[in-house]
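Q: Handing you a structure now.
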Amino acid sequence: AAVAVLVSNAFQPVDAVGCPMLARRDVRSSALPPNHPTSDYTFHTRDEPLADALTKKPLDWAAVEADIEKALTDSKSFWPADFGNYGPFLIRLAWHCAGSYRTSDGRGGCDGGRIRFNPELEWEDNANLDKARQLLEPIKKKYGSSLSWSDLITLSGDVAITSMGGPSIGFCGGRKDDVDGTDSLVLGPSAEQIAIAPCPVNGNCSSPLGPTTIGLIYVNPEGPMGVPDPSGSVPDIRSSFGRMGMNDRETVALIGGGHSFGKTHGACPAGAGQCGSGPDKGKGPNTFTSGFEGPWTSRPTEWTNEYFVNLLAYNWTKFTGPGGKNQWKPADTDVLPPSKSAIRMLTADVALLYDPSYRALVKEYARDLPSLERDFGAAWYKLVSRDMGPVSRCRGPRVPPPQPFQNPLPAPPTKLADFRAVRKDVEQYLTTKSSLSEQIPGDGPNGRNYGALFVELAWRCASTFRATDFFGGCNGARIRLNPEKNWPENTGMDKVLHVLSKVKSKYPAGLSWADLIVLAGETALEKAGSNRLSFVGGRVDAKDGSNPEPRTYYLNASVAARDSAKVMGLTATQYVALSARLRSPSQQARLGLGDKTYTSDASRLSSEYFQILLKNKWIPTGVESKSGAKQYKASGKGGDLFVTDADLALIWDPEFRKIAQSFAKDQRKFKAAFADAWSTLMKADLF
Ligand code: HEM
């Protein structure tokens with residue numbers, strides 16, 4: 001009876017409160033039902049109140065685009081447009097808004113529009129972009145809450161590109177603005193960043209940070225640590241673009257396609273606001289932004305492949321530009337016409353000649369404009385949409401077909417299996433001395449602990465979800481596929497899948513692996529005494545295995561626990577509750593931790609786990625699990641008990657400890673929190 005409610009014959013899953021899933025799509029709240037308690041839901045600051053979302057006027061996207069296009073050539077005296085066109089400036093704004101994205105934890109990106117707030121606002125690389133936003137302000141005012149800043153910024157970049165003749169494969173709208181810059185604190189500089197991703201030498205930062213230099217989008221334009229060494233810039237470019245998920249082709253297309261437009265600004269050595277005199281002081285031709293000066297092409301407001309042609313055509317020599325920085329110019333400027341002799345490159349541009357793979361692409365794009373258009377169009381779309389997750393989250397009339405980076409899933413079946421029947425089949429494994437004992441030896445008397453294996457499988461499957469970029473989760477059931485099935489922490493999950501394959505084969509249509517995995521976990525939990533869990537069906541199975549990589553870079557278990565909760569979009573309460581899920585002794589053994597139970601009974605969901613954590617003293621044993629979790633042993637009377645540092649993080653962290661203490665005291669409270677947390681996580685990736 002505790003199983004999900006499914007409307008028969010039609011694909012319209014409903015949740016526990018009877019709210020059709022599809023209705024939720026427009027109110028991004030990580031798939032929480034509208035009347036879900038959100039009081040301690042701290043992560044999604046970007047969500048607007050439901051009432052706002054529902055009363056919003058539908059947006060006339062074409063009208064917004066027309067307004068942007070008009071603004072591009074309407075030069076304002078507070079910040080006059082170079083060449084009478086703000087296009088390049090707005091492309092830089094969109095690129096710097098999106099370019100903070102990193103694959104390590106899905107953080108950054110323009111969704112949220114945090115470039116308007118510190119810390120991003122004050123990054124050296126974002127100098128003068130406040131003026132670019134000021135140019136867009138009248139448009140933002142006109143459309144009000146129907147148009148987010150983050151959509152407006154991104155769309156402006158897109159319109160700028162096409163208005164100057166460049167390619168666009170479409171636009172994914174639907175970004176929501178954050179109320180402040182909190183979610184970018186981990187990008188640095190901040191205490192949060194130092195705790196999660198320290199960078200001892202700024203300029204040499206590595207993953208999980210995206211750029212080589214905190215405060216820049218990717219690399220130092222002047223060369224590594226400011227040294228004008230193009231070959232030295234190559235590995236920096238490859239590594240930092242790689243950390244945002246771009247390959248060589250995408251990288252070269254983006255840098256050269258982007259720098260087809262506009263110019264650098266560094267009119268004099270005195271710095272921002274100090275160049276020139278009179279009414280034009282510090283702006284127009286006297287602008288100082290990066291400190292470099294000059295355009296990359298002779299036609300900086302037209303889409304061309306001249307950037308690539310120029311790179312190959314000249315011998316580039318180093319010189320000190322008017323802003324006092326190392327730049328590059330053609331060696332033979334005297335014999336060139338003025339339009340060509342004014343052309344400049346950055347060390348990071350010249351670097352594209354110093355690597356065989358990059359150089360081959362420069363040559364390709366110099367001779368083949370259509371190839372550049374194809375690659376730049378696709379790479380730009382990926383750059384600005386990567387943090388939006390699956391294509392089903394995109395809004396607007398120009399959403400292109402699903403792209404590989406959106407990890408598209410097959411269409412859902414029109415008719416789903418009878419989940420009540422599936423649930424009965426799963427239950428059989430939990431109640432009988434089933435053949436499980438042959439398949440997965442050593443799991444408790446009479447197969448009593450097999451439920452814990454189903455719970456572990458569902459947890460492993462769903463806990464890859466990232467609320468930062470809507471990537472991962474159990475929808476797709478990628479835990480069956482490479483590379484996920486080979487992750488150390490998934491050791492033994494193939495055996496559990498094998499057991500469930502008997503159930504799976506009974507339902508040749510309408511039952512995906514993903515639904516079965518989640519349902520088996522929930523069936524086992526309810527059997528183990530959990531409150532009712534609100535199963536929602538309708539997941540599908542992916543054909544390719546891409547999912548977020550496990551985050552193995554944390555400095556200690558406490559940082560890992562806190563940050564994982566945030567990345568998954570869980571509150572502290574939800575995270576702590578989920579840590580008391582059933583653990584199978586045989587699975588512990590497979591992970592290399594010995595076949596001890598965490599509680600007196602691995603077949604019952606209970607808050608005893610917290611009592612045990614809190615009442616014992618824990619000593620390290622020196623044993624590590626396959627995924628690097630460190631084992632601890634209870635001292636004294638509890639000597640038979642083992643836990644890991646991931647468990648102990650719940651009592652080391654003061655906020656988590658308080659929650660653990662309240663659960664230890666109150667079984668009902670724990671069970672309510674657990675059911676809420678579990679249901680939230682299992683549904684988090686249904687868009
Ligand atoms: C401008 C560096 C990649 C688009 C600039 C400026 C620098 C720079 C120093 C001058 C800012 C100023 O003084 O006004 C770099 C580096 C890159 C990179 C080091 C990576 C290695 C990109 C990408 C795009 C892009 C991927 C877009 C796809 C632009 C545009 C401008 C610009 C359009 C001109 C802005 C204007 O005219 O106001 N870049 N950039 N850049 N960048 Fe990049």
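The values are calculated or read from the model by the stated rules, or taken from the named source; none is laboratory data. Computed from a predicted structure; not experimentally measured. Here the Cβ positions follow ideal geometry from the backbone for every residue, glycine too, while neighbour counts run over all protein chains shown. Areas reflect the complete protein model, heavy atoms only, side chains present, ligands, DNA and RNA absent. Shrake-Rupley method; radii C 1.70, N 1.55, O 1.52, S 1.80 Å.
Q: Jot down the per residue volume, in cubic angstrom and as a whole number, of the convex hull over the alpha-carbon atoms of the chain.
A: Dividing the Cα hull volume of the chain by its residues yields 157 Å³.
Q: Under a no-solvent Debye model with one identical scatterer per Cα of segment 93-238, what's log10 I(q)/I(0) at q = 0.12 Å⁻¹?
A: Here the Debye-derived log intensity ratios amount to -0.53.
Q: Counting only heavy atoms of the protein chains, get the accessible area per residue of the chain (1.4 Å probe) and round it to a whole Å² value.
A: Working: 26440 Å² over 687 residues.
Here the residues of the chain average 38 Å² of exposed surface.
Q: Still on this structure: Students often get this wrong: which residues of segment 594-613 have the backbone nitrogen under 13 Å from the point 7 angstrom along Cα-to-C-beta of LYS637?
A: Zone members listed by number: 612.
Q: I need the calculated FRET efficiency for the pair SER231 and ASP60, taking r as the beta carbon distance and R₀ as 45 Å, to the nearest 0.05.
A: Plugging the Cβ-Cβ distance into 1/(1 + (r/R0)^6) gives 0.35.
Q: Another question, then. Using Cα-Cα distances under 8 Å and only pairs 6 or more residues apart, what relative contact order does segment 61-395 have, in percent? Intermediate results must be reported in sequence, preceding the final value.
A: Working: 641 pairs, mean separation 65.6, N = 335.
Averaging sequence separation for qualifying contacts and normalising by length gives 20 percent for segment 61-395.
Q: Sticking with this one: Taking 0.36 nm per residue of sequence separation and subtracting the Cα-Cα distance, how much length would be gained by fully extending the chain between ALA270 and ASP595, in nm to one decimal?
A: 110.2 nm
Q: Separation between the ALA195 and ARG299 pseudo-spin-labels, each 7 Å from Cα along Cα→Cβ, expressed in nm?
A: Distance between label points: 5.3 nm.
Q: Just to confirm my numbers, what's the Cα centroid distance between segment 145-179 and segment 636-687 in Å?
A: Segment 145-179 and segment 636-687 have Cα centres separated by 41 Å.
Q: Name the lysines eligible as straight-distance cross-link partners of LYS141: C-alpha to C-alpha under 22 Å, and not fewer than 8 places from it in the same chain.
A: LYS56, LYS57, LYS70, LYS76, LYS131, LYS176
Q: Tabulate in residue order the Karplus-calculated ³J(HN,Hα) for segment 107-123, using 6.51 cos²θ - 1.76 cosθ + 1.60 with θ = phi - 60°, rounded to whole Hz; enter x for Gly and Pro.
A: Couplings: 7, x, x, 7, 4, x, x, 6, 5, 7, 10, 5, x, 4, 3, 9, 4 Hz.
Q: Do the sum for the chain: with -39,500 (n - 2.57) for every DSSP H run of n ≥ 4, divided by all residues, what is the mean residue ellipticity at 222 nm, to the nearest 500 deg cm²/dmol?
A: -11500 deg cm²/dmol
Q: Taking the Cβ of THR317 as the centre, find all other residues whose Cβ is under 12 Å away and add up their charges (Lys, Arg: +1; Asp, Glu: -1).
A: Values: positive: LYS318, LYS329, ARG344; negative: ASP332.
Charge balance in the 12 Å sphere: +2.
Q: If you don't mind, another one. What percentage of the solvent-accessible surface of segment 61-395, computed with a 1.4 Å probe over protein heavy atoms, is contributed by carbon and sulfur atoms?
A: Within segment 61-395, the accessible surface is 54 percent carbon and sulfur.
Q: Considering only DSSP beta bridges where both residues belong to the chain, give the percentage that are antiparallel (nearest 5).
A: Antiparallel: roughly 90 percent of the beta bridges in the chain.
Q: To continue, here is another question. Round to the nearest 10 and report in Å² the accessible area of ILE169, as given by a 1.4 Å probe over the protein chains' heavy atoms.
A: Its accessible surface works out to 70 Å², give or take rounding.
Q: Give the calculated FRET efficiency between ASN556 and GLN134 to the nearest 0.05, with a Förster radius of 56 Å applied to their Cβ-Cβ distance.
A: Once the sixth-power term is evaluated, E becomes 0.80.
Q: Leaving out ligands, DNA and RNA, and with a 1.4 Å probe, what % of the accessible surface on segment 557-676 is carbon or sulfur? All intermediate terms of the calculation are to be shown ahead of the outcome.
A: Working: 2510 of 4940 Å².
Within segment 557-676, the accessible surface is 51 percent carbon and sulfur.
Q: Shifting gears a bit: Where does the charge balance sit around MET493 when Lys and Arg score +1, Asp and Glu -1, over other residues with C-beta under 13 Å from its C-beta?
A: Details: positive: ARG460, ARG478, ARG480, LYS485, LYS495, ARG590, LYS626; negative: GLU456, GLU484, GLU489, ASP494.
After counting each charged neighbour, the total is +3.
Q: If a/c stays under 1.5 just call it rounded; otherwise compare a/b with b/c (prolate if a/b is bigger, oblate if not). Do that for segment 264-382, with a ≥ b ≥ c from the square roots of the Cα gyration tensor eigenvalues.
A: Prolate, since a/c reaches 1.5 and a/b exceeds b/c.
Q: Related question: Check PHE288: other-chain or 5+ apart residues with amide H under 5 Å from its amide H, H built from backbone geometry?
A: So PHE288 has HN proximity to ALA267, GLY273.
Q: Given +1 on the Cβ of Lys and Arg, -1 on the Cβ of Asp and Glu, and no further charges, what dipole in debye does the chain carry about its Cα centre, rounded to the nearest 20?
A: Charge dipole of the chain: 1760 debye, to the nearest 20.
Q: Semi-axes of the equivalent ellipsoid for segment 61-395, please: Cα gyration tensor eigenvalues, times 5, square-rooted, ordered largest first, whole Å.
A: Semi-axes (√(5λ), whole Å): 27, 24, 21.
Q: Residues with beta-carbon under 12 Å from that of ALA62, excluding ALA62: net charge, scoring Lys, Arg +1 and Asp, Glu -1? Intermediate values should be presented prior to the final figure.
A: Working: positive: ARG398; negative: ASP60, GLU65, ASP67, GLU69.
With Lys, Arg at +1 and Asp, Glu at -1, the neighbours total -3.
Q: Further, regarding this structure: Any chance you could run the full-extension gain for SER239 through LYS363? It's 0.36 nm times the residue separation minus the Cα-Cα distance, nm to one decimal. Provide the component values of the computation, followed by the final result.
A: On the way: separation 124, 0.36 × 124 = 44.64 nm, distance 2.19 nm.
Length difference between fully extended and current span is 42.5 nm.
Q: For Cα pairs less than 8 Å apart in space and 6+ apart in sequence, what is the mean separation divided by the residue count of the chain, i.e. the relative contact order in percent?
A: Once divided by the residue count of the chain, the mean separation gives 14 percent.
Q: Now, a different point. What percent do you get for the relative contact order of segment 557-676 when only Cα pairs under 8 Å and 6+ apart count? Can you show the working numbers first?
A: Details: 167 pairs, mean separation 34.6, N = 120.
Relative contact order of segment 557-676: 29 percent.
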